[in-house]
Amino acid sequence: MQYKLRKRACPKEPVRTRVESLTHDGRGLARVEGKPVFIDGALPGEEIDFIYSDIRRDYAEGRLATVYIPSPERVEPPCSRFGVCGGCSFQHVADTAQIQFKQELLVEQFRRIGGLDEVPLAPPLTGPSWGYRDKARLGVKYVARKGRVLVGFRERSSPFITDLSRCPVLHPAVGERLNELAEMIGGLSLRDRLPQIEVAVGERRAALVFRILADLTAADELILREFGHYHGFDIYTQRRGPDSVRLLHPERAEPLSYRLDAQGVEFHFQPTDFTQVNIEINRKLVDRVMEWLDPQPGDRLLDLFCGIGNFSLPLATRAGLVVGVEGSVDAVQRATENADANRLSNVEFHAADLSQDFEEAAWATASYDKILLDPSRAGAERVAECMDRWGAARVVYVSCNPSTLARDAAILVRKSGYRLVRTGVMDMFPQTAHVESIARFEK
């Protein structure tokens with residue numbers, strides 16, 4: 001006989017406590033009767049009431065009810081849907097304090113996970129706090145009982161779509177037009193068969209990719225084209241997998257693009273390509289990579305997880321040779337096209353899964369003077385384990401997950417004899433707890 005594990009009932013009465021610190025996902029950490037409690041919306045030093053939302057053997061979770069002694073960093077969230085929408089988690093924190101919290105988290109991860117006592121910090125890279133987000137995936141849901149379509153991010157800890165009229169973190173071209181977008185979708189025959197929109201904004205154009213689960217009618221196509229024409233969007237549809245993406249409006253569209261003026265290179269990309277979500281911070285990030293790697297005319301550089309060449313091409317303007325490696329074949333093709341368009345002949349690209357065996361590949365058997373890593377949240381553990389083979393005197397690691405950066409840093413330091421020279425955070429995702437960072441290692 002199988003027994004169903006019964007979830008422990010949560011007390012309904014508020015509980016008074018004092019918040020000790022902030023967790024990696026932006027929740028307040030308190031202790032009640034010795035058990036850690038993770039509380040949405042609470043900040044360090046605050047005296048609060050919270051209500052339990054879940055109780056487990058080793059920890060509990062809760063939601064903020066009342067703040068009696070607020071943190072000096074607490075501010076009034078500008079968005080009326082904050083706390084419901086899952087797109088943001090830090091709007092209640094002052095902008096300067098957000099970056100400070102992220103910097104403290106990076107240091108804590110280096111010390112606790114990486115075992116590194118000395119964590120020399122560089123000044124943080126900051127930029128616009130609102131309207132910065134140029135890439136996003138928005139959920140779409142036709143709600144029959146409301147008789148209308150919702151477009152937005154999912155609710156916090158919920159599969160439901162947040163009822164949004166505008167989004168202040170999205171690029172205004174999209175964030176200020178959520179109502180118009182929802183009303184347009186409501187007029188389509190497949191309004192209940194359209195679950196997602198991918199948003200991609202370049203410097204001169206913006207694109208919307210509509211994920212559809214049924215074929216468009218001629219009337220649907222006309223509605224989408226007219227919406228794109230009126231608001232200046234390139235309109236794409238995606239019926240099945242990535243290969244099914246097709247341009248609906250206009251008949252021919254210029255590629256989306258962004259430019260790095262300091263290095264004199266321009267990138268073209270498709271709306272489904274991976275690019276950084278914050279163009280201004282990306283420019284500052286590239287500048288810092290250039291400064292920390294300091295490419296010289298005689299250098300051979302290896303750029304791992306290179307994407308469409310965001311770092312490879314700027315580095316190639318000063319280095320002798322840049323070799324970029326990326327798991328996505330489409331990204332490698334785009335990187336090659338961008339190198340050709342920028343007339344850079346000293347850069348080459350290879351497709352390889354860097355989490356699997358790659359040691360016998362021709363590019364992996366060469367030696368390099370300097371190496372750049374920019375992996376996904378999973379980090380670059382296998383690459384870090386292989387770092388000795390390339391003999392690089394300097395490594396720069398760009399990270400979107402401080403815990404895997406700290407793990408890989410420990411490998412670089414203990415196994416390969418590198419030392420952490422400098423590290424810092426960049427505010428790629430203001431109003432969220434997401435931490436982007438960069439670290440420089442030298443032999």
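The values are calculated or read from the model by the stated rules, or taken from the named source; none is laboratory data. It should be emphasised that the depicted structure is a prediction, and the values quoted were computed from it without experimental measurement. Cβ sites come from the backbone with ideal geometry, for glycine too, and all protein chains shown count toward neighbours.
Quick one: is ARG31 modelled with pLDDT of 95 or more, charged (D, E, K, R) and surrounded by fewer than 19 Cβ atoms within 10 Å (Cβ to Cβ)?
yes
Taking the range 355-373, which residues are closer than 21 Å to ASP299 by Cβ and of a type outside the set (Val, Ile, Thr)? Let's see the steps before the verdict.
The initial filter retains those residues of the range 355-373 that are closer than 21 Å to ASP299 by Cβ, namely 361-373.
Matches in the range 355-373: ALA361, ALA362, TRP363, ALA364, ALA366, SER367, TYR368, ASP369, LYS370, LEU372, LEU373.
Filter the range 315-360 for residues that are under 26 Å from the mean Cα position of the chain (by Cα) and part of a loop (DSSP other than H, G, I, E, B); which is farthest from VAL395 (Cα to Cα)?
Top of the filtered list is SER328.
Check every one of the strands (runs of 3 or more DSSP E) wholly within the range 2-74 and list those with 1 or more residues that are in contact (Cβ under 8 Å) with a residue 60 or more places away in the chain and either within 24 Å of THR96 (Cβ to Cβ) or outside the structural domain of GLN109 (by TED's automatic domain parsing) (or both).
Where strands (runs of 3 or more DSSP E) fall fully within the range 2-74 and carry at least 1 residues being in contact (Cβ under 8 Å) with a residue 60 or more places away in the chain and either within 24 Å of THR96 (Cβ to Cβ) or outside the structural domain of GLN109 (by TED's automatic domain parsing) (or both), they are 35-40.
All but one of (1) assigned to a strand (DSSP E or B); (2) surrounded by 16 or more Cβ atoms within 10 Å (Cβ to Cβ); (3) among the charged types (D, E, K, R); (4) in contact (Cβ under 8 Å) with a residue 40 or more places away in the chain hold for LYS102; state the number of the condition that does not hold.
So the condition that LYS102 fails would be (1).
Tell me, which residue of the range 115-135 that is over 17 Å from VAL435 (Cα atoms) and among the small types (Gly, Ala, Ser) is nearest to the chain's Cα centre (by Cα)?
It comes out as GLY131.
Taking the condition of being of a type in the set (A, V, I, L, M) and closer than 18 Å to VAL199 by Cβ, how many residues in the range 262-295 meet it?
Selection size over the range 262-295: 3.
Filter the range 114-154 down to residues that are surrounded by fewer than 17 Cβ atoms within 10 Å (Cβ to Cβ), assigned to a strand (DSSP E or B) and among the hydrophobic types (A, V, I, L, M, F, W, C) and give me whichever is modelled with the lowest pLDDT.
Ranking the qualifying residues of the range 114-154, first place goes to VAL143.
Select the strands (runs of 3 or more DSSP E) contained entirely in the range 194-277, then report the ones holding at least 2 residues which are assigned by TED's automatic domain parsing to the domain that holds LEU170 and polar (S, T, N, Q).
On the way: elements: 196-201, 206-211, 233-238, 245-249, 256-260, 265-269.
Qualifying strands (runs of 3 or more DSSP E): 233-238.
Scan ASP287, ASP261 and give me the residue that is under 21 Å from the mean Cα position of the chain (by Cα), without any contact (Cβ under 8 Å) to a residue 40 or more places away in the chain and surrounded by fewer than 17 Cβ atoms within 10 Å (Cβ to Cβ).
ASP287
Report, by residue number, each residue of the range 349-385 that is crowded, with 16+ Cβ neighbours inside 10 Å, under 17 Å from ILE411 (Cα atoms) and not hydrophobic (A, V, I, L, M, F, W, C).
Result: ASP374, PRO375, GLY379, ARG382.
Being surrounded by 12 or more Cβ atoms within 10 Å (Cβ to Cβ) and without any contact (Cβ under 8 Å) to a residue 24 or more places away in the chain is the filter; apply it to the range 223-243 and report the residue that is farthest from TYR142 (Cα to Cα).
HIS229
Just to verify a result, which residue in the range 284-314, among those that are in a strand (DSSP E or B) and of a type in the set (A, V, I, L, M, F, W, C), is nearest to GLU381 (Cα to Cα)?
Going through the qualifying residues, I end up with LEU304.
Of the residues GLY114, GLY152, GLY147, which is in the same structural domain as GLN431 (by TED's automatic domain parsing) and among the small types (Gly, Ala, Ser)?
The match here is GLY114.
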